[in-house]
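Structure record follows, encoded as C-alpha cells.
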Amino acid sequence: MRDATRVIRAGQPAPERGQPLHPPITFASTYHTPGDPSESDYTYGRYHNPTWTHFEAALSELEGGPALAFGSGMAAVAAVFGSTLRPGHVVVLPSDSYYTTRLLANGYFTQLGVEVRMAPTREDAQIDRLDGAKLIWLETPSNPLLDVCDIARICQAARARGVLVAVDNTTATPLSQRPLELGADFSAASDTKGLSGHSDLLLGHVAARDPALLDAIRAWRTQIGAIPGTMEAWLAHRSLGTLHVRLERQSASALKIAQFLAVHPAVMDVRYPGLESHPAREIIARQMRFGGSIVAFTLADRAAAERFLRASRLITETTSFGSIHTTAERRARWGGDAVPEGFIRLNVGCEDADDLIEDLAEAL
C-alpha cells in the first residue's frame, strides 16, 4: 500500500454495518472493571483510552514500529530522556537542535548527573562524541537551520559502540522520513506541527523499534502523567488523513518559493532541503521523500526582517510551523539559536504558491 493511501486508512476500524466511518471519541477517566483488572482492556484514564489506541495504531503504521502519544512534543522528548538516562550516563545532542530540548538536557538532566556532549548536525559531527555515550539524539532537518545528517551512518556508528539512537523527526514527519527504517531506536516528534497541521492542538509521540524500549516509555508516561488529551488525539487522527496532500502541496510550494528567494537581491542566504544547492543534497535524496514546509532565509538585519514581516499581507507573524497557514518569524527574537538577526523561518502553508510569491515580492 502506498503512503497516500495508508495515511488515510491508518488506525481506522474495520468496516461494520451501521457503525461510524471514523473512530468515535471516548471521554472517560475510568471504566467498568469488575473482578481482576487485568481482564479489562481499559481500566483508568491515565493508562489508556480507545481514542488513543486508534491514533497510536495509525502512528505505528506510519513509523514502522509501535508508538505512544503524548500531551506535547516536549513530553515525548522528556520520555525518551527520562526512560533511558541515569546519573553518570552521557547523552550526545546536536548543538543546533530545538532550543527547549537543549534546555531540558542542560538543565534538569545535567543536574541529575547526566553528561551532555554537543556537536553540530552538519557533516555528522556527533559521531566524534559517541564513545562512552548511552544515547545520541539527532534532529534532521534541524530547526531552524535545516541542516541534515546521515541517520543510517550515525546509527551504524552508534550500534558499534552500544549507543541508543533517537531522532527528532518533527520537521520531516514519518511520511517524509522513517528513522526506525534507517536504524534508529526511537523516532519522536511534536505532532503539534506538520503531522496535525492546523495550529489547533498540542501533541507528540514516540515510536520505538524494540517493544521493550517502548514499555519503558509507556511506564514513564503513565507514572508522570504526560498523557494526550482525548480531543487532541481525535483531532490529530482526523487531520492525519490529509498529511500526504498537505505535505506534497507545501513541499512543492516551498521549493518554488525557495528558488524565488535564492535569486532575490534583498535575500542574503536561503536554506531549504529541496534545493540543489543544499550541502547535504545527496543524503536528503536517500533518506527524505519531501522537502517539507520550512524555508529559512536571511535578510540584511533585524530592521529589514521586521519591515518585511509588517509589509506582508499573507504571512502571519507567529511561532511554530507545519500548518496549512503560511507563517513566519524573525527567529532571533527568542534567543537560544545561533542565527543572524535578520534570519526568517518561513512555514509555507497550502495557499496558492503564486499568491505567496507575489506577496513576498511586494513585502521584500
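Look at Gln19 and say whether it is under 24 Å from Gly71 (Cβ atoms) and either at pLDDT below 95 or in a loop (DSSP other than H, G, I, E, B) (or both). Criteria not met by Gln19.
Being farther than 21 Å from Pro144 by Cα, charged (D, E, K, R), in a helix (DSSP H, G or I) and in the same structural domain as Pro66 (by TED's automatic domain parsing) is a condition met by no residue of the stretch 204-213. Counting only strands (runs of 3 or more DSSP E) that sit wholly inside the stretch 81-175, those with at least 2 residues that are in contact (Cβ under 8 Å) with a residue 12 or more places away in the chain and either β-branched (Val, Ile, Thr) or crowded, with 21+ Cβ neighbours inside 10 Å (or both) are 90-94, 135-139, 164-168.
Of the residues in the stretch 8-27, none is under 17 Å from the mean Cα position of the chain (by Cα) and in the same structural domain as Gly162 (by TED's automatic domain parsing). Looking at the stretch 204-251, which of its residues are of a type in the set (Ser, Thr, Tyr) and within 22 Å of Pro50 (Cβ to Cβ)? Thr222, Thr230, Ser239 - these are the residues of the stretch 204-251 that are of a type in the set (Ser, Thr, Tyr) and within 22 Å of Pro50 (Cβ to Cβ). Do we have Ser60 as surrounded by fewer than 17 Cβ atoms within 10 Å (Cβ to Cβ), closer than 29 Å to Leu130 by Cα and in contact with a strand residue (DSSP E or B) (Cβ under 8 Å, 6 or more places away or on another chain) here? No; evaluated as a whole, the condition is false for this residue. Look at the stretch 329-344: where a residue is on the phi > 0 side of the Ramachandran plot and a partner is surrounded by fewer than 18 Cβ atoms within 10 Å (Cβ to Cβ), sitting 6+ places away or on another chain with Cβ atoms under 6 Å, you get Gly336/Tyr99. Among the conditions (1) touching a residue at least 12 places away in the same chain (Cβ under 8 Å); (2) in a helix (DSSP H, G or I), Ala184 misses just one, which is (2). Taking the numbered list (1) touching a residue at least 12 places away in the same chain (Cβ under 8 Å); (2) outside any loop (DSSP other than H, G, I, E, B); (3) surrounded by fewer than 17 Cβ atoms within 10 Å (Cβ to Cβ) in turn, Ala300 passes all entries but (2).
If only residues of the stretch 30-55 that are surrounded by 15 or more Cβ atoms within 10 Å (Cβ to Cβ) and in contact with a strand residue (DSSP E or B) (Cβ under 8 Å, 6 or more places away or on another chain) are counted, the one that is farthest from Ala69 (Cα to Cα) is Tyr31. Among the residues of the stretch 26-80, those identified as out of contact with any Gly (no Cβ under 8 Å at 6 or more places or on another chain), of a type in the set (Val, Ile, Thr) and either at pLDDT below 95 or not in a loop (DSSP other than H, G, I, E, B) (or both) are Thr33, Thr51, Thr53, Val80.
The residue pairs whose first member lies in the stretch 189-209 and is under 20 Å from Leu164 (Cβ atoms) and touching a residue at least 24 places away in the same chain (Cβ under 8 Å), whose second member is in a loop (DSSP other than H, G, I, E, B) and of a type in the set (D, E, K, R), and whose beta carbons are closer than 7 Å, counting only pairs six or more residues apart or on different chains, are Gly204/Asp191; His205/Asp191; Ala208/Asp185; Arg209/Asp185. Looking at Val295, Val270, Val348, just one residue is over 22 Å from Gly197 (Cβ atoms) and not assigned by TED's automatic domain parsing to the domain that holds Glu123, and that residue is Val270. Condition check: in a helix (DSSP H, G or I), surrounded by fewer than 19 Cβ atoms within 10 Å (Cβ to Cβ) and under 18 Å from the mean Cα position of the chain (by Cα). Does Glu232 satisfy that? Answer is no for this residue. Checked against the criterion of being under 22 Å from Leu195 (Cα atoms), among the basic types (Lys, Arg) and out of contact with any strand residue (DSSP E or B) (no Cβ under 7 Å at 6 or more places or on another chain), the stretch 116-139 has no qualifying residue. Whenever a residue of the stretch 254-276 is of a type in the set (Val, Ile, Thr) and in a loop (DSSP other than H, G, I, E, B), its partners that are modelled with pLDDT of 95 or more and buried (at least 22 other Cβ atoms within 10 Å of the Cβ), lying with C-beta atoms within less than 8 angstrom and at least six residues away or across chains, give the pairs Val267/Leu261; Val267/Phe297; Val267/Leu299.
The values are calculated or read from the model by the stated rules, or taken from the named source; none is laboratory data. On a predicted model such as this, the values are computed, not experimentally measured, just so you know. All Cβ positions, even for glycine, are placed from backbone atoms using ideal geometry, and neighbour counts span all protein chains on display.
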